[in-house]
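A short worksheet on the structure shown next.
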Amino acid sequence: MNTQDAPFDTAQEQGIPREEVLDRQERVRRRLLQAGLDALLVVGRSFYDRVGDLAYLTNHFPPFPATVFSGQQKGLGHGLLLLPGEGPTALVIDGRAYREELVVADEVRGGSDLGAVLAELLRERRLATARIGLVGEDILPLAMFRALTQALPALELPAAGHLVRELRRRKSPAELRLLRRGAAIAGAGLKVAVELIGTVGHTPGASGTGATVTESDVCAAGIAAAMREGADFIRYLRVHSGPYSAWGSRWPQAMPRAIRVGELVDLDIIGAYWGYQFDVLRTTVAGGRPDAGQRRVLEAVLEASRRAVAACRPGTPCEDVVRVANAYLEEQGYGRYARTFMGHGIGLETVEEPYLAPGDRTPLEPGMVLCVEPGVYIPGWGGASIEEEIIVTGGAPEQITHYPAKLWAGP
């Protein structure tokens, strides 16, 4: 598909409709008033990073990276929404261009010093001594917080992130549509990456396909395919081969390391479609045919993934999903190597609440979208994980990743 030529007046139809964003604002407004707050201050950071709460309530995605505070440049890569209990909303941006046809705010103010712009706005709105709930206290720059509270010493900023995040957990039909499409884009990127890995060790033919394929080659091919399929961006496509497949995560995302026949290769693609993220992980074997030890791990992880997905039913505590998968891996002799942080919610950010982790008793609810990713990582040997994206429904979960989970030869 190709959306680059879509006129601005139809772009809203492809993302989240304006009416839905306005409804979100009103629901949050009611919640903040019930909490005894005068307004909310909602913080967001860079479109590929921590934009969730801000984008949820404005459709604004700060287009610049978050940068060091220097001179008059204080707050690049950030955005701030003032959502009062009564009265017009105001979005403070870093002066960069923004999508007017998408953004939902009564007023937009730009500036290079976001804290100073916000302080002036609060004075104008007679909120300089108000009780304003802070959504995003974990990403509000300390320098901005200090400047704001020095300028407005009577301002109260109690934490209020839960007022928004509790609503974000359950996705609307429009959100689910975008998340389904994002999962399909992830599959398109993985398909090309796996096909390239499949050429490892093959004799070069007339097409020029060679025996040497690097992690970087695979990374580039998969990212290009996902972008052509319609992704906004790809944050990364992690390609971890051989002993690095045991790491689970590694910097950088890919290296100019030649992938060898018979090595395990982990592929983890993360990006977004119209702001809504995708995160899908697969494990394959270069050459396609695992040895006996690799096959046993791969089959165990595949079954653990199936059991974890099946456990994602309404009312199930998050930690029970982990328990189901890891009990099976324990039976197979891999308990000490099994992943305990086994997944997370996904939406406007890659990792959202709830977390599939021991101790998290959050009950699953219809409308939640989860990444479920059991894994086995054996240091010095290799590892495997299979990650599926699912929607919690009133019964059995809907799996929205359709790219094959089994990517190795054999029964």
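Specify which residue in the list ILE223, GLY262, GLN277 is farthest towards the positive end of the charge dipole of region 203-302, using unit charges on the beta carbon of Lys, Arg (+1) and Asp, Glu (-1), about the Cα centre.
The listed residue farthest towards the positive side: GLY262.
Going by alpha carbons, how many degrees (0 to 90, nearest 10) lie between the helix axis of 215-228 and the longest principal axis of the chain?
50
Using amide H atoms built in the peptide plane, which far-off residues or other-chain residues are under 5 Å from ARG257 H to H?
Distant-sequence amide H within range of ARG257: GLU215, SER216.
Net charge near ALA183, counting Lys/Arg +1 and Asp/Glu -1 over other residues with Cβ under 12 Å of its Cβ?
Its environment carries a net charge of -3.
Full extension from ARG295 to ALA310: what is 0.36 nm times the residue separation minus their Cα-Cα distance, to one decimal in nm?
Full extension from ARG295 to ALA310 adds 3.1 nm.
Could you work out [θ]222 nm for the chain from helices alone, using -39500 (n - 2.57) per DSSP H run of at least four and dividing by all its residues? Round to the nearest 500 deg cm²/dmol.
On the way: 10 runs with 131 residues, N = 411.
Taking each H run of at least 4 residues, the total per residue is -10000 deg cm²/dmol.
Along the positive direction of the dipole of the chain (beta-carbon charges: Lys, Arg +1; Asp, Glu -1; about the Cα centre), which of LEU163, THR199, LEU298 reaches farthest?
LEU298
Relative to a virtual label point 7 Å from the Cα of ARG260 in the Cα→beta-carbon direction, which members of region 378-410 show backbone nitrogen distances below 16 Å?
The answer is 380-383, whose backbone nitrogens lie closer than 16 Å to the label point.
Mind pulling the angle between the C-alpha long axis of helix 318-331 and the longest principal axis of the chain? Nearest 10 degrees, somewhere in 0 to 90.
Taking Cα atoms only, the helix is inclined about 10 degrees.
For TRP247, what accessible area in Å² do you get when you roll a 1.4 Å probe over the heavy atoms of the protein chains, rounding to the nearest 10?
Here the accessible area works out near 150 Å².
Note down the net charge around ILE400, summing +1 for each Lys or Arg and -1 for each Asp or Glu among other residues with Cβ under 10 Å from its Cβ.
My count for the surroundings of ILE400 gives -1.
Can you tell me the 0 to 90 degree angle between the C-alpha axis of helix 173-197 and the longest principal axis of the chain, rounded to 10?
40
Sorted by packing (mean other beta-carbon atoms within 10 Å per residue), highest first, where do 82-90, 103-111 land?
My ranking of the peptides, most packed first, is 82-90, 103-111.
Based on the Cβ-Cβ distance of ARG125 and SER249, what FRET efficiency does E = 1/(1 + (r/R0)^6) give at R0 = 56 Å, to the nearest 0.05?
Once rounded, the FRET efficiency stands at 0.80.
Identify which of the listed values of Rg and Dmax of the Cα atoms in Å was calculated from the structure shown: [x] 23.7, 85; [y] 20.8, 60; [z] 23.1, 74.
The listed entry that was calculated here is [z].
Relative contact order of the chain: what whole-number percent is it, with Cα pairs under 8 angstrom and at least 6 residues apart?
The normalised contact order for the chain reaches 13 percent.
Using a probe of 1.4 angstrom, how much of the accessible area of the chain is carbon and sulfur, in percent?
52
Given Cβ point charges of +1 (Lys, Arg) and -1 (Asp, Glu) and nothing else, what value in debye, to the nearest 20, does the dipole of region 23-163 about its Cα centre take?
Working: 16 positive and 17 negative charges, 37 e Å.
Here the size comes out at about 180 debye.
Would you kindly state how much longer the chain becomes between HIS402 and ASP49 on full extension, computed as 0.36 nm times their sequence separation minus their alpha carbon distance, in nm to one decimal?
Details: separation 353, 0.36 × 353 = 127.08 nm, distance 2.60 nm.
The HIS402-ASP49 span can extend by a further 124.5 nm.
Compute, for region 336-411, the length of the dipole vector about the Cα centre, with Cβ point charges of +1 (Lys, Arg) and -1 (Asp, Glu) only. Units Debye, rounded to 20.
Dipole about the Cα centre, nearest 20: 440 debye.
Please calculate how many Å² of accessible area the chain carries per residue, with a 1.4 Å probe and no DNA, RNA or ligand atoms counted.
Per residue, the chain has 41 Å² of solvent-accessible surface.
So, with +1 on the Cβ of K and R and -1 on the Cβ of D and E, and no other charges, what is the size of the charge dipole of the chain about its Cα centre, to the nearest 20 debye?
540
Report the extension gain between ASP23 and GLU137 in nm, rounded to one decimal, defined as 0.36 nm multiplied by the number of residues separating them, less their alpha carbon distance. Kindly include the intermediate steps, with their values, before the conclusion.
Working: separation 114, 0.36 × 114 = 41.04 nm, distance 2.39 nm.
This chain segment gains 38.6 nm when fully extended.
Among the lysines, which fall within straight-line cross-link reach of LYS191, defined as a Cα-Cα distance under 23 Å, with same-chain neighbours fewer than 8 residues apart omitted?
LYS406
The values are calculated or read from the model by the stated rules, or taken from the named source; none is laboratory data. Just so you know, these numbers come straight off a predicted model, no measurement behind them. For neighbour counting, all protein chains shown are included, and Cβ atoms are generated from backbone atoms with ideal geometry for every residue, glycine included. To get the accessible areas, we keep the full protein, side chains included, count just its heavy atoms, and leave off ligands, DNA and RNA. Shrake-Rupley method; radii C 1.70, N 1.55, O 1.52, S 1.80 Å.
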